[in-house]
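The values are calculated or read from the model by the stated rules, or taken from the named source; none is laboratory data. Source: prediction; values computed, not measured. Note that each Cβ is placed from the backbone with ideal geometry, even for glycine, and that neighbours are counted across all protein chains shown.
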Amino acid sequence: MAGSSPRQAGFPVRRLAAERTVRLVASARLREPVLARLVGEEHRDALATIEGATSGRLLAEARGGDAIAAREFVFGMPQASFVNAAFAYWRPRALNRFNGPGRGAWYAALAADTCIAEVAFHMTRELEAVADFDATVDYAELHASFAGEFVDLRAARPRPACLDRDPAIGYPAGNALAEDVRARGLNGIVWPSVRHAGGTCFAALFPHAVQSVAQGRVLRLAWRGQREPKVSVLAR
């Protein structure tokens, strides 16, 4: 069913309104360029030129990406750079559940615990690959609202292939579904979290679907020799 449209696959399309969702972003992406603290005001224009030539987000905003057009990015709204970054950065040789190389997506959840479970899963996979469970990553919460039409997988029975726990099965099927959802002009997909029982996840597939972005807490996930990280709050 991976190549079927949402309607053919039996997935309902619902008009949803979510006033406050949560996304976790590595806090390094929220900091000003490192060089900004090392140059005087008279050199800021040159620094901006350097950043523009090397920033994946700025390049994508100007030229688009392999699978996203420059006209899709948003401008003139608060936190637009955070929204655009979600769509301008992707894993260059691998899939996520509902996006692949050439186009990002805005992944979020209704609760921070769901986000933690999702990002911890991916980070733990990376640590497992190098056989070293010793890492500390700080994440900032980004709150956003959604309103519009989403393909709703929450009641899908049996569990569709795109929600398979194995990325080798779930991610190719999810990308096929996402391509169909975008072709129909729908805002995205909502589904029951695969990594956090009872959680609800969203994937906004267009930048314009992400509204009212504001920063929340800063959380620290620390792996100290075990697969499960310790979670602490650094700032509220």
- Task: List every residue pair whose Cβ atoms sit under 6 Å apart, with the two residues 6 or more apart in sequence or on different chains, where the first one lies in the stretch 215-236 and is in contact (Cβ under 8 Å) with a residue 40 or more places away in the chain and the second, anywhere, is in a loop (DSSP other than H, G, I, E, B) and charged (D, E, K, R).
- Result: Arg217/Arg236
- Note on the structure: Of the residues in the stretch 158-186, those that are part of a loop (DSSP other than H, G, I, E, B) and touching a residue at least 60 places away in the same chain (Cβ under 8 Å) come to Pro160, Arg184, Leu186
- Message: I'd like to check which helices (runs of 4 or more DSSP H) are fully inside the stretch 48-138 and have at least 1 residues that are more than 20 Å from Phe202 (Cα to Cα).
- Response: 56-63, 112-130
- The number of residues in the stretch 69-122 that are over 12 Å from the mean Cα position of the chain (by Cα) and over 16 Å from Tyr171 (Cα atoms) is 21
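Kindly indicate which of Ala197, Ala235, Ala183 is at pLDDT below 95, surrounded by fewer than 19 Cβ atoms within 10 Å (Cβ to Cβ) and among the hydrophobic types (A, V, I, L, M, F, W, C).
Working: Ala197 fails: at pLDDT below 95; Ala183 fails: at pLDDT below 95.
The unique qualifying residue is Ala235.
Within the stretch 219-228, track down each residue that is buried (at least 17 other Cβ atoms within 10 Å of the Cβ) and touching a Lys or Arg at 6+ places or on another chain (Cβ under 9 Å). Give the derivation first.
Of the stretch 219-228, the ones buried (at least 17 other Cβ atoms within 10 Å of the Cβ) are 219, 221, 223.
Within the stretch 219-228, Leu221, Trp223 meet the criteria.
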- Query: What about Ala203, is it closer than 19 Å to Ile116 by Cα and at pLDDT below 95?
  - Reply: no
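When the residues of the stretch 187-199 are narrowed to those that are part of a strand (DSSP E or B) and out of contact with any helix residue (DSSP H, G or I) (no Cβ under 7 Å at 6 or more places or on another chain), which ends up farthest from Ala69 (Cα to Cα)? Lay out the reasoning, then the answer.
Our first condition is that a residue be part of a strand (DSSP E or B); within the stretch 187-199, this holds for 188-192.
Now restrict to residues that are out of contact with any helix residue (DSSP H, G or I) (no Cβ under 7 Å at 6 or more places or on another chain): 190, 192.
Working: Val190: 24, Pro192: 30 Å.
Among residues in the stretch 187-199 that are part of a strand (DSSP E or B) and out of contact with any helix residue (DSSP H, G or I) (no Cβ under 7 Å at 6 or more places or on another chain), the one farthest from Ala69 (Cα to Cα) is Pro192.
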- Item | Residue among Val22, Val13 that is in contact with a Cys (Cβ under 7 Å, 6 or more places away or on another chain) and modelled with pLDDT of 55 or more | Val22
- Query: Taking Tyr171, is it hydroxyl-bearing (Ser, Thr, Tyr), surrounded by fewer than 18 Cβ atoms within 10 Å (Cβ to Cβ) and out of contact with any Pro (no Cβ under 8 Å at 6 or more places or on another chain)?
  - Reply: no
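Being more than 20 Å from Phe98 (Cα to Cα), modelled with pLDDT under 95 and buried (at least 17 other Cβ atoms within 10 Å of the Cβ) narrows it down to one residue among Glu61, Glu42, Glu51; which is it?
Details: Glu42 fails: buried (at least 17 other Cβ atoms within 10 Å of the Cβ); Glu51 fails: buried (at least 17 other Cβ atoms within 10 Å of the Cβ).
Just one listed residue meets the conditions, Glu61.
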